[in-house]
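Written out below as structure tokens is the structure these notes cover.
The values are calculated or read from the model by the stated rules, or taken from the named source; none is laboratory data. In this text, all values refer to a predicted model and were calculated from it rather than measured experimentally. Here the Cβ positions follow ideal geometry from the backbone for every residue, glycine too, while neighbour counts run over all protein chains shown. Note: accessible area is taken over every heavy atom of the protein model, side chains too, but ligands, DNA and RNA are not part of it. Shrake-Rupley method; radii C 1.70, N 1.55, O 1.52, S 1.80 Å.
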Amino acid sequence: MKQYTYLAIDLGCILVPFLFSFYNKYPFYKQWRYFFPANIIVAIAFMIWDEYFTQLGVWGFNPDYLTGIYLGHLPLEEVLFFICIPYSCVFTFFALTQLLPARKAKWQRLFSYIFLAVLVASTLFFYELKYTFSTSVGTALFLILIIYKKQNLTYYYIAYFIILPFFFLSNGLLTGSFLDSPIVWYNDAENLGIRMFTIPVEDIVYGFLMIALNIYMYETFEKRFAKTAQIAERV
């Protein structure tokens, strides 16, 4: 059963959100037509990044915890990771928008500027570290786009803060917490070498970028579908 460990983590992360997607009052399954196109686009981008860094040895996977099915150099479980984790997080975002009144917190813009400043400093001082540099650049560019477009990130941040405990649990397992060895290993020569328990600090930024891009693309598709529907009604 050891070879199903990573797969079990993936399925464990998505199980509860998937089941609650069919809750009559807030049916997230009706949002699938927005979520899945958005998720596919983001997942492909991250898989290309993942494949490249796997080949470079920035990180890798322990075959003892894998089913042995691969797409290129990426195990099936890693591919599913880019579906299961975003699904759970976009579901959380959707639930927040349904349960809480629409709001634009004053702190979210200030937080974005501080976050951006930290990321820019990271790119300047740690440009030789592939994982640190790439996550910092990617997230910084995303925040610059968001700030330019004056996008409200209130629910983005709240959703991410809510899922952080689950992130520490799932990512902790992947990086070796409670296991004999890590499922996903990292080359510390390509990151800051700072760990939160067993998790590289860069994973916090990487996770935020992946989730935020999924939410952003999800909202983009939702707005486009709504606009198309309005045009169709007028015709």
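Taking each residue as 0.36 nm, the span from Lys106 to Ile41 lengthens on full extension beyond its C-alpha to C-alpha distance by 20.3 nm. What shape does region 25-100 take by its C-alpha gyration tensor, where a ≥ b ≥ c are the square roots of the eigenvalues and a/c under 1.5 counts as rounded, a/b above b/c as prolate, and the rest as oblate? Prolate, since a/c reaches 1.5 and a/b exceeds b/c.
Using only alpha carbons, region 126-223 has a radius of gyration to Kirkwood radius ratio (Rg to Rh) of 1.02. Can you pull a Stokes-Einstein diffusion coefficient for region 31-168 at 4 °C (1.567 mPa s), Rh from Kirkwood over Cα pairs, as a whole number of µm²/s? Here the translational diffusion coefficient equals 76 µm²/s. Name the residue farthest towards the positive end of the dipole of region 153-235 from the options Ser181, Leu192, Ala226, assuming +1 on Cβ of Lys and Arg, -1 on Cβ of Asp and Glu, about the Cα centre. About the Cα centre, the residue reaching furthest to the positive side is Ala226. Taking Cα centre as origin and charging only the Cβ of basic (Lys, Arg, +1) and acidic (Asp, Glu, -1) residues, the dipole magnitude of region 47-166 rounds to 960 debye.
Taking 0.36 nm per residue of sequence separation and removing the Cα-Cα distance, the Phe20/Gln55 pair yields an extension gain of 8.8 nm. Straight-distance candidates among the lysines for linking to Lys30, with alpha-carbon spacing under 30 Å and chain neighbours fewer than 8 residues away dropped: Lys104, Lys149, Lys150, Lys223, Lys227.
Return one whole number: the accessible area per residue of the chain in Å², for a 1.4 Å probe. Heavy-atom SASA per residue in the chain reads 53 Å².
Between the listed residues Leu74, Pro165, Tyr23, the Cα displaced farthest toward the positive end of the dipole of the chain, a dipole computed from Cβ unit charges relative to the Cα centre, is found at Tyr23. Across the protein chains, with a 1.4 Å probe defining accessible surface, the residues Trp185, Trp59, Trp32 rank Trp185, Trp32, Trp59 from largest area downward. Counting every pair of alpha carbons in the chain, the share spaced more than 24 Å apart comes to 48 percent.
The modelled label-to-label distance for the pair Tyr113/Leu96, using points 7 Å beyond Cα in the direction of Cβ, is 2.1 nm.
Counted by Cβ distance under 9 Å from Ala38, the other residues give a net charge of -2, where Lys and Arg count +1 and Asp and Glu count -1.
What is the angle, in °, between the Cα long axis of helix 154-174 and the longest principal axis of the Cα atoms in the chain? Nearest 10 is fine, range 0 to 90. Between the helix axis and the principal axis of the chain, the angle is about 30 degrees. Computed extension gain for Thr67 through Trp185, at 0.36 nm per residue and net of the alpha carbon distance, reaches 40.8 nm. About its Cα centre, the dipole of the chain is roughly 1460 debye, where the only charges are +1 on Lys and Arg Cβ and -1 on Asp and Glu Cβ. Protein heavy-atom surface of the chain, 1.4 angstrom probe: 70% of the accessible area is carbon and sulfur, with nucleic acids and ligands not counted. Charges were assigned to the Cβ only: +1 to each Lys and Arg, -1 to each Asp and Glu. The resulting dipole of region 30-104 about its Cα centre is roughly 660 debye.
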